[in-house]
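*Asks:* Sharing a structure with you now.
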Amino acid sequence: MSNDQQRSTFTLDGRRIPFTPGQTIMDAALAAGVYIPHLCHKPGYAPHGSCRVCVVRADGRELSACTAPAAADMSVESEVADIRALRVAVLQMLFAEGNHVCPACEASGNCTLQAVAYHCGMLTPRFPQRFPRRAVDASHPDVILDHNRCILCELCVRASRDHDGKRVFAVSGRGITSKLIVDAPSGRLGDTDFSAEDAAAHVCPVGAILPRDEAFRVPIGQRRFDLAPVSRVGDVALDPDAEVLAADAESEVLA
Amino acid sequence: MSGASGLAAEHGGAHADPARIERVLRGSLAALGRGPDTVLQHLIAQQQVFSHVPDAAIGRLVEELGVTRAQILAAVDFYAFLHLTPRGRFDILVSDNITDRMLGNAALMTQLCDALGVRAGEPRADGRVSLDYTSCTGMCDQGPAALVNGLALTRLDAARIREIAALVEADTPLAHWPKRFFAVSNNVHRSGLLLGDLETREAGLAALFARGGPAVLAEVERAGLRGRGGAGFTTALKWRFCREAPSENGHADKVIVCNADEGEPGTFKDRVLLSAYADLVFEGMTLAAGVVGAKTGFLYLRGEYRYLLDHLEAVLARRRAQGLLGTGIGAGEGPGGGFDFDIHIHLGAGAYICGEESALIESLEGKRGITRKRPPFPVTEGYLDRPTVVNNVETFLGAARIAEHGGYWFRSEGTDRSAGSKILSVSGDCARPGIYEVPFGTPVADVLADCGAEDTQSVQVSGAAGVTLTPDEFHRLLAFEDLPTAGSFMVFDHSRDLLDMVRNFAGFFAHESCGFCTPCRVGGRLVLDLVDKVAAGAAGRHDLDELRDIAQVMRRASHCGLGHTAANHVLNTLDKFPHIYRDRLRMSDYTPSFDLDAALAEARALAHRDDAEAHLAADA
Amino acid sequence: MNMRAEPPVGQKVRVATASLAGCFGCHMSVLDMDERILDLVERVDFDRTPLTDIKTLGPCDLGLIEGGVANAENVEVLREFRRQCKVLVAVGACAVTGGIPAMRNSVPLAEVLDEAFVHGMGLVNPGIPDDPELPLLLSQVHPIHEVVRVDYFLPGCPPSADAIWSLLTAVLEGGALHLTWAQLRYD
Ligand SMILES: Cc1cc2nc3c(=O)[nH]c(=O)nc-3n(C[C@H](O)[C@H](O)[C@H](O)COP(=O)(O)O)c2cc1C
Ligand code: SF4
Ligand code: SF4
Ligand code: SF4
């Protein structure tokens, strides 16, 4: 029996997606070149399941695609109206929770939060903006930590711990007062063993961890998600069709 | 274990000099060891003595345990009972469940603040005392309640508050406070299958020794026992999964955990079980250990029940002396005897989420109580990734009696899908609040009659996360197939404004959200703000639509049970008691998200203006 | 949502615009619609707008608001627009989110005023003004939907002329706003 025949499949919005045992719905979908919106997930990192943007309905149950194991013949709904609406609400919560001023943000165009919100067709942050007073930590020579943008995805926590063999970051507190902290008595990034070479320096999906020399190296308008939508370049395995990228994306009508 | 978790002789704001910090640390290291999983218990020990976790202690724990400073800070900041700056030498926390509010806790708080010249949340300048509110302390049948340096105070009233203020001013050590202040009654008003028999015969264990683990498991299966902590998972199945779960060193590293976090507002039956039936609970845990092959047991005791610690440690010590815990339990008494098992008590530190089994396990490992993703489930990867059974206190008690009397005995009560009895914690507007053990399948109305509730407007079944009932629903049955319940049963008569309940619950969930996932972390706060807006008379119809929508997002998209259920009370009351919202709405459908005129106050003051143009009307 | 702004047959659509705490960039973007503006002029009449200099506002089919709500006057203007306009649109990042002006929210108002009027550079006559003619600042800058109901949101800093065209089409036809990937931008 060939490998192909051994592989089971499930359906995602009607498309057959092959998977191997142990793969999550997200793993299998991305490997098959099908995008499911996500923020706290990154291939190669331990699944986390905190942002909830990847919520899907699998056989009637709503769960996070990045943590749910794929199962044979499961029927998964993702890009359907009510799930999209749910995702928009979750994104609106993230925008309302922090201080996201895209026109003034260095990450604009490279930011996954922004790109996912475009993908989901979010037009307004809707909820009362919390406008929290948060700090910008500029103590590190090579990297700026701007807490205003942090969405608590813990990718930096995982990167530092699992990929860099350090434990620079942690999330502290609880509920709406949760915040990212760094491991130094001063509480400042510059006093940790963090380095711009760390994986954690390049994993932040938003503009919270910003390597200094990268700022504005690529002008606005020519950045990653300016050129192609996240559904084409957001961790999805490239398929031959990917060539069309921007061309047909431009005319793609959003919600 | 008692060195760290036991009632320290010196407690409450001892001076944090390095020698003393070192002494406390040596004590807890000797008792608990240096595993990274012990960090929370070390922190609790420091907090108890110094009324905060001194910075020097954090530095030493980093050295001794190999954890990071950030991990420790993250934990201190997570647990409500841990602090980085000193609380008062007398740290008084007033229980703030809706039932405490109904009994007038706010007036008592004001009285105590006035008498002591202190504001809630801020320690007095001389460091003598601090006051604050805390989530339900599990004394709803004898509230208003509070904690002083972690010890439970009950039945507070104006006279008692006066006495407490005088004791604090006189700097009287807690040991010399009147014993009656700390008296906790069991208030068992109806006993059934489980509570009717107080005696400890260790007959369940005898059955295990004589007949072996599989036979006991079969009996628990026959009984149809389902978990009493809320979710109602079949206990025998859980035990079987754990028994069959592969573990690296054979059966040796499996773990039994008794969930005594009892954080659901309005629940207090586990407190009574641990007070009066502790042997049976430990017997049930030991049975489970024999069945699944576990060596290690934990009782995760909520910090609010610290006053039970000495009693529980004494029971454990006696059981060890009796050979019921330790090595070679039941050796020579039959095929099921001759195993090793012991039970350690771990304290919680003020976090409702730690009642959720995987968050509890994280907390046992010394971390913040953040719910894990599932799968894997604790039965295969639990405490330190070992196969772990987590059961509620009442579940273990039931298992012990089932092993003694057999599955059919248990099935003689209850319904097909809900075998046996349920122990209810009844509080609120009724003549006889307390513990009622009723057969599963009992109608709500029967319980109301039993406890002397009159003119009842609503019952909140299964706590803040449960369901809000109208009188039309009082015929419904307490059973997994109709009204599943972990036991909380709060009664509201017609004199109550149910919006007070909604505000209380919304505040509770916003405070208790662990913060891991977006819908609960942000949504919980949005719900609280909107409910407060309704209460302030500032909301429009649009806000009710938003409330409903956010509640649905939390229910559908949250990571764990807390977020899934946190807005139930909002959805229930919007549907069943719409007038509590509607009566307060503004005329206009859409109102500002903030108080416009108040938003000008700062500028008015800075510009020294109070003319008409310096104000904004609430309505356009 | 999705009120229809279309007037009775044969009449033009009456449009009013205002800039609250904004930079007029969004207004510029409207003018940027090239030849399409001619098409637009065929179909619309402008009421109060910085483009026409009409100061008082009459009943309108459509109100376009640029900028967030920063002071008491912004609140009054915004409320007047809501009263007079059948359809109200938040145009641009500042109206939609508070935008750049809302970055002052991270600083207490007292410090903001102190820097501007008391200890800032080059002040001739330092002191926080108390002239009743001057609108008082709100303690924070807010997006407009935190003060009045908003029917459409068009993000962008500024929204592109294409996006504005899509918006006007949606409004005039009373449908939901559909933006293409290229039109939806927050920056
Ligand atoms: C937010 C939350 C809080 C919980 N609190 C408790 C608790 O205090 N006690 C308890 O036994 N179970 C609690 N549970 C249920 C536990 O996760 C778990 O299902 C239970 O301990 C299993 O034991 P059982 O099968 O004996 O009921 C809670 C669940 C959630 C989601
Ligand atoms: S982090 Fe992303 S969403 Fe936030 S302001 Fe920057 S670009 Fe916008
Ligand atoms: S700093 Fe970035 S990577 Fe780290 S938690 Fe915040 S958003 Fe995630
Ligand atoms: S729902 Fe999310 S934020 Fe709430 S307690 Fe569970 S994991 Fe934490």
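*Asks:* Check whether at least one residue in the range B:539-554 is out of contact with any Lys or Arg (no Cβ under 9 Å at 6 or more places or on another chain), free of Cβ contacts under 8 Å to residues at least 40 places away in the same chain and within 16 Å of ligand 1 (Cβ to nearest atom), and report yes or no.
*Replies:* yes
*Asks:* Sticking with this one: If you check C:Val15, C:Val77, C:Val30, C:Val89, which single one turns out to be without any contact (Cβ under 8 Å) to a residue 60 or more places away in the chain, of a type in the set (A, V, I, L, M), surrounded by 14 or more Cβ atoms within 10 Å (Cβ to Cβ) and more than 24 Å from C:Ser139 (Cβ to Cβ)?
*Replies:* Result of the check over C:Val15, C:Val77, C:Val30, C:Val89: C:Val15.
*Asks:* Here's a follow-up. Looking at the range A:197-219, which of its residues are of a type in the set (A, V, I, L, M) and loosely packed, with under 15 Cβ neighbours inside 10 Å?
*Replies:* If the condition is that a residue be of a type in the set (A, V, I, L, M) and loosely packed, with under 15 Cβ neighbours inside 10 Å, then A:Ala215, A:Val218 are the ones that fit.
*Asks:* Out of (1) away from every other protein chain (no Cβ under 11 Å); (2) of a type in the set (Val, Ile, Thr); (3) under 20 Å from B:Pro592 (Cα atoms), what's the single condition that is false for C:Val96?
*Replies:* Result: C:Val96 fails condition (1) only.
*Asks:* Another question, if that's okay. Restricting attention to the range B:68-85, which residues are touching a residue at least 12 places away in the same chain (Cβ under 8 Å), within 17 Å of B:Ser135 (Cβ to Cβ) and within 11 Å of another protein chain (Cβ to nearest Cβ)?
*Replies:* Result: B:Phe78, B:Tyr79, B:Ala80.
*Asks:* Scan the range B:575-593 and give yes if some residue there is farther than 22 Å from B:Ala464 by Cβ, within 10 Å of chain A (Cβ to nearest Cβ) and at pLDDT 95 or above, otherwise no.
*Replies:* Yes, that holds for at least one residue.
*Asks:* Something else about it: Tally up the residues in the range B:404-423 that are more than 28 Å from the chain's Cα centre (by Cα) and in a helix (DSSP H, G or I), please.
*Replies:* Residues meeting the conditions: 6.
*Asks:* Has the range B:47-64 got any residue that is in contact (Cβ under 8 Å) with a residue 24 or more places away in the chain, of a type outside the set (A, V, I, L, M, F, W, C) and in contact with a Ser or Thr (Cβ under 7 Å, 6 or more places away or on another chain)?
*Replies:* Within the range B:47-64 (the criterion being in contact (Cβ under 8 Å) with a residue 24 or more places away in the chain, of a type outside the set (A, V, I, L, M, F, W, C) and in contact with a Ser or Thr (Cβ under 7 Å, 6 or more places away or on another chain)), the answer is yes, since at least one residue qualifies.
*Asks:* Moving to a separate point now. What are the residues in the range A:154-201 that are within 16 Å of ligand 1 (Cβ to nearest atom) and of a type in the set (D, E, K, R), if any?
*Replies:* Scanning the range A:154-201 gives a single hit, A:Arg174.
*Asks:* Give the range B:566-589 a look and list any residue that's part of a helix (DSSP H, G or I), in contact with a helix residue (DSSP H, G or I) (Cβ under 7 Å, 6 or more places away or on another chain) and not aromatic (Phe, Trp, Tyr), or say none.
*Replies:* Selection gives B:His569, B:Val570, B:Leu571, B:Thr573, B:Leu574, B:Ile580.
*Asks:* Give the residues of the range B:589-619 that are over 30 Å from C:Phe117 (Cβ atoms) and either buried (at least 16 other Cβ atoms within 10 Å of the Cβ) or hydrophobic (A, V, I, L, M, F, W, C) (or both), sorted by residue number.
*Replies:* Once the filter is applied, which keeps residues that are over 30 Å from C:Phe117 (Cβ atoms) and either buried (at least 16 other Cβ atoms within 10 Å of the Cβ) or hydrophobic (A, V, I, L, M, F, W, C) (or both), the range B:589-619 yields B:Tyr590, B:Thr591.
*Asks:* Quick check: is even one residue across the range A:166-189 away from chain B (no Cβ under 14 Å) and over 16 Å from the mean Cα position of the chain (by Cα)?
*Replies:* So far as the range A:166-189 goes, no, none of its residues is away from chain B (no Cβ under 14 Å) and over 16 Å from the mean Cα position of the chain (by Cα).
*Asks:* Restricting to the range B:374-402, give me the number of residues that are surrounded by fewer than 21 Cβ atoms within 10 Å (Cβ to Cβ) and within 14 Å of ligand 1 (Cβ to nearest atom).
*Replies:* Summing the residues that are surrounded by fewer than 21 Cβ atoms within 10 Å (Cβ to Cβ) and within 14 Å of ligand 1 (Cβ to nearest atom) in the range B:374-402 gives 2.
*Asks:* Tally time: how many residues in the range A:120-161 are closer than 27 Å to C:Ala90 by Cβ, part of a loop (DSSP other than H, G, I, E, B) and near ligand 3 (Cβ under 8 Å from one of its atoms)?
*Replies:* Final tally of qualifying residues: 2.
*Asks:* Could you list, in sequence order, the residues of the range B:505-529 that are under 19 Å from the mean Cα position of the chain (by Cα) and either more than 16 Å from ligand 3 (Cβ to nearest atom) or more than 7 Å from chain A (Cβ to nearest Cβ) (or both)?
*Replies:* B:Phe505, B:Ala506, B:Gly507, B:Phe508, B:Phe509, B:Ala510, B:His511, B:Glu512, B:Ser513, B:Cys520, B:Gly524 - these are the residues of the range B:505-529 that are under 19 Å from the mean Cα position of the chain (by Cα) and either more than 16 Å from ligand 3 (Cβ to nearest atom) or more than 7 Å from chain A (Cβ to nearest Cβ) (or both).
*Asks:* For residues that are assigned to a loop (DSSP other than H, G, I, E, B), under 17 Å from A:Ser231 (Cα atoms) and over 18 Å from the mean Cα position of the chain (by Cα), scanning just the range A:13-68, find the one that is nearest to the other protein chains (Cβ to nearest Cβ).
*Replies:* Going through the qualifying residues, I end up with A:Asp13.
*Asks:* Among all residue pairs at least 6 apart or on different chains, which show Cβ distances below 7 Å where the first residue, located in the range A:143-164, is touching a residue at least 40 places away in the same chain (Cβ under 8 Å) and under 13 Å from A:Pro205 (Cα atoms) and the second is within 15 Å of ligand 2 (Cβ to nearest atom) and assigned to a helix (DSSP H, G or I)?
*Replies:* Partner pairs satisfying both residue conditions: A:Ile151/A:Leu94; A:Ile151/A:Leu113.
*Asks:* Next question, about the same structure. Find all pairs meeting these conditions: Cβ atoms under 6 angstrom apart; at least six residues apart or on different chains; first residue within the range B:519-535 and under 13 Å from A:Pro128 (Cβ atoms); second residue within 16 Å of ligand 2 (Cβ to nearest atom).
*Replies:* B:Val522/A:Met93; B:Val522/A:Glu97; B:Leu526/A:Phe127
*Asks:* Next question, about the same structure. Checking the condition within 14 Å of another protein chain (Cβ to nearest Cβ) and over 30 Å from B:Ser462 (Cα atoms), which residue from B:Asp543, B:Asp549, B:Asp611 passes?
*Replies:* Going through B:Asp543, B:Asp549, B:Asp611 in turn, just one is within 14 Å of another protein chain (Cβ to nearest Cβ) and over 30 Å from B:Ser462 (Cα atoms): B:Asp611.
*Asks:* Turning to a different aspect of this structure: Please enumerate the residues belonging to the range A:203-213 that are under 14 Å from A:His140 (Cβ atoms) and not β-branched (Val, Ile, Thr).
*Replies:* Selection gives A:Cys204, A:Ala208, A:Leu210, A:Pro211, A:Arg212, A:Asp213.
*Asks:* Okay, moving on. Would you tally the residues in the range B:468-487 being within 20 Å of B:Glu394 (Cβ to Cβ), in contact (Cβ under 8 Å) with a residue 24 or more places away in the chain and surrounded by fewer than 24 Cβ atoms within 10 Å (Cβ to Cβ)?
*Replies:* Summing the residues that are within 20 Å of B:Glu394 (Cβ to Cβ), in contact (Cβ under 8 Å) with a residue 24 or more places away in the chain and surrounded by fewer than 24 Cβ atoms within 10 Å (Cβ to Cβ) in the range B:468-487 gives 6.
*Asks:* Read through the list (1) touching a Ser or Thr at 6+ places or on another chain (Cβ under 6 Å); (2) within 14 Å of chain B (Cβ to nearest Cβ); (3) free of Cβ contacts under 8 Å to residues at least 40 places away in the same chain, then give the number of the only condition that A:Phe131 fails.
*Replies:* Here A:Phe131 meets the rest and fails (1).
*Asks:* Inspect all residues belonging to the range C:162-170 and state whether any of them is of a type in the set (D, E, K, R) and either in contact with a Cys (Cβ under 9 Å, 6 or more places away or on another chain) or under 23 Å from A:His100 (Cβ atoms) (or both).
*Replies:* Checking the range C:162-170: not a single residue is of a type in the set (D, E, K, R) and either in contact with a Cys (Cβ under 9 Å, 6 or more places away or on another chain) or under 23 Å from A:His100 (Cβ atoms) (or both).
*Asks:* Going by the structure shown, is B:Leu316 closer than 30 Å to B:Thr134 by Cα, surrounded by fewer than 24 Cβ atoms within 10 Å (Cβ to Cβ) and in contact (Cβ under 8 Å) with a residue 60 or more places away in the chain?
*Replies:* Answer is no for this residue.
The values are calculated or read from the model by the stated rules, or taken from the named source; none is laboratory data. In this text, all values refer to a predicted model and were calculated from it rather than measured experimentally. Methodologically, a virtual Cβ is constructed for each residue, glycine included, from the backbone with ideal geometry; neighbour enumeration extends over all protein chains shown.
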